[in-house]
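For reference, the structure discussed in these notes is given below.
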Amino acid sequence: PGSRLELEADTGNYRGRGRLDRVIWAISPDNNSAFAQVASGEADLLENASPDQIRALAGHPGLRPFAWPTLQYGFMGMNFREPGHHARPNPILSDLRVRRAVSMAVDRHAMLRNVFDTLGHIAYGPFPALLATADTTLRIPHHDPALAAALLDSAGWTPGPDSIRRRDGRPLRLRLITPTSSAFRMQYAVLIQEALRRVGIRVDIDAEPFNAFYAKESAGDFDLALVTYSTDPNAGGAAQSWATGSIIPAGGNFLSYTDPRFDALLDSATHTFDVPAAKAYATRAYQVIADDVPAVWLYDLFSVGAISTRFHVTALRADGWWEHLADWTVPVADRVARDRIG
């Protein structure tokens with residue numbers, strides 16, 4: 001905190017001189033301090049804003065939302081193994097009927113609006129929308145609490161006197177982990193807890209600092225987990241988190257999801273040089289995982305920050321919003337002292 005990095009336009013660069021005279025990166029102790037500097041005009045850009053800060057932008061004449069696509073997507077994963085006993089199947093979530101019920105109880109679109117307002121984008125599977133193989137036509141469980149309740153009934157989970165379902169005397173109770181560092185996921189945790197309560201599922205929210213959250217995630221010590229994944233810009237990126245060969249501790253498949261059909265189709269999508277064939281294989285793989293319901297696909301992450309209205313911004317890239325920073329401009333009439341060198 002208090003440190004800064006200053007870059008000046010390079011007149012000898014092979015691409016030509018940058019259109020901004022200089023750019024200053026300032027390090028703030030926390031997000032609230034950074035937003036205060038931007039709101040007061042001391043700084044011009046905040047890379048990531050909280051939901052409350054995004055809403056505050058609407059009433060600020062000198063700022064506007066600054067959003068760019070990413071290679072990230074968010075979901076609530078369902079653990080196929082019993083927490084603390086990885087060799088055993090999860091006594092609740094290993095049942096497809098229960099996983100489908102959980103998914104149907106969650107109103108993904110309403111929650112997206114609640115958390116991200118108009119800046120949210122719904123997720124459709126284990127991929128960001130930017131991928132060439134992305135498919136928004138997949139059949140995924142739709143929001144239907146009545147059908148969710150019927151599925152739970154068919155799985156033997158019936159309502160108890162406190163409205164929480166039970167089977168053989170065991171309450172239908174799940175532990176949801178989420179990092180306290182993510183305001184978005186903390187909001188989702190509360191919304192999901194209430195949505196599942198309405199169909200008779202008790203959810204205990206286990207919110208931890210990121211390091212503790214990650215330790216539980218990596219060990220499979222949870223029933224439900226709110227996660228944001230970053231993937232490679234190709235279909236093969238999904239294998240790192242969803243393929244059988246990546247099940248923990250070998251890789252990042254902390255849900256222990258496995259389906260040989262998904263593995264084979266994704267492998268075919270990754271290794272063919274025929275672009276239409278790659279997309280066709282990937283779509284079939286994505287439909288397999290959609291049918292298996294290892295997760296509730298929540299949002300396709302667009303990072304949102306705040307930027308001064310003085311700036312004219314060029315196209316923003318998913319692999320780095322700063323990639324075309326040299327082409328940004330500030331009209332001469334809007335420049336202030338810090339825009340100039342010296």
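Rule-based calculations on the coordinates, nothing more; no lab input. Remember, predicted model here, so these are calculated numbers, not experimental data. Neighbour counts run over all protein chains shown; Cβ positions are idealised from the backbone, glycine included.
Once both axes come from the Cα atoms, what is the angle between helix 96-105 and the longest principal axis of the chain, in degrees from 0 to 90, rounded to 10? That works out to roughly 50 degrees. In the chain, taking the dipole from charged Cβ atoms about the Cα centre, the farthest positive-side position among THR137, LEU255, TYR73 is held by THR137. Positive end of the dipole of the chain (Cβ unit charges, origin at the Cα centre): among ASN48, ALA243, TYR124, the Cα lying farthest that way belongs to TYR124.
For ASP274 and ALA215, the FRET efficiency from 1/(1 + (r/R0)^6), where r spans their Cβ atoms and R0 equals 56 Å, is about 0.85. So how tilted is helix 210-219 from the main axis of the chain? Cα-based, degrees 0 to 90, rounded to 10. Taking Cα atoms only, the helix is inclined about 40 degrees. Distances between every pair of Cα atoms in the range 58-194, grouped in 10 Å steps from 0 to the bin holding the largest one, split as 10, 32, 34, 16, 5, 1, 0 percent.
Each residue in VAL227, VAL102 was given a count of other beta-carbon atoms within 10 angstrom of its own, and listing them fewest first yields VAL227, VAL102.
Magnitude of the charge dipole for the range 9-105, about its Cα centre and with charges confined to Cβ atoms of Lys, Arg (+1) and Asp, Glu (-1), is about 520 debye. Using 0.36 nm per residue and subtracting the Cα-Cα separation, the extra length available between VAL336 and ARG202 on full extension is 42.7 nm. Summed over qualifying helices (DSSP H, 4 residues or more, each -39500 (n - 2.57)) and divided by its residue number, the chain shows a 222 nm mean residue ellipticity of -9000 deg cm²/dmol.
Name the shape class, rounded, prolate or oblate, that the alpha-carbon gyration tensor gives for the range 260-342, where a ≥ b ≥ c are the square roots of its eigenvalues, rounded holds for a/c under 1.5, and otherwise prolate holds if a/b is larger than b/c and oblate otherwise. It comes out prolate by the Cα gyration axes. For the chain, a simple Cβ point-charge model (Lys and Arg +1, Asp and Glu -1, everything else neutral) yields a dipole of about 560 debye relative to the Cα centre. Highest GNM mean-square fluctuation among SER308, SER94, SER33, for the chain modelled with Cα contacts below 10 Å: SER33.
Taking the alpha carbon gyration tensor of the chain, multiplying each eigenvalue by 5 and rooting it gives semi-axes of 42, 24, 17 Å, largest first. Divided by 2.2 N^0.38 Å, where N counts the residues, the Cα radius of gyration of the range 111-177 comes to 1.57. The longest stretch of the chain left intact once loop-based trypsin sites (Lys or Arg not before Pro) with at most 14 other Cβ atoms within 10 Å are removed from consideration, loops following DSSP, is 199-334. Only one residue of LEU298, LEU20, GLY62 has its Cα farthest out toward the positive end of the dipole of the chain, where Lys and Arg carry +1 and Asp and Glu -1 on Cβ, and that residue is LEU298.
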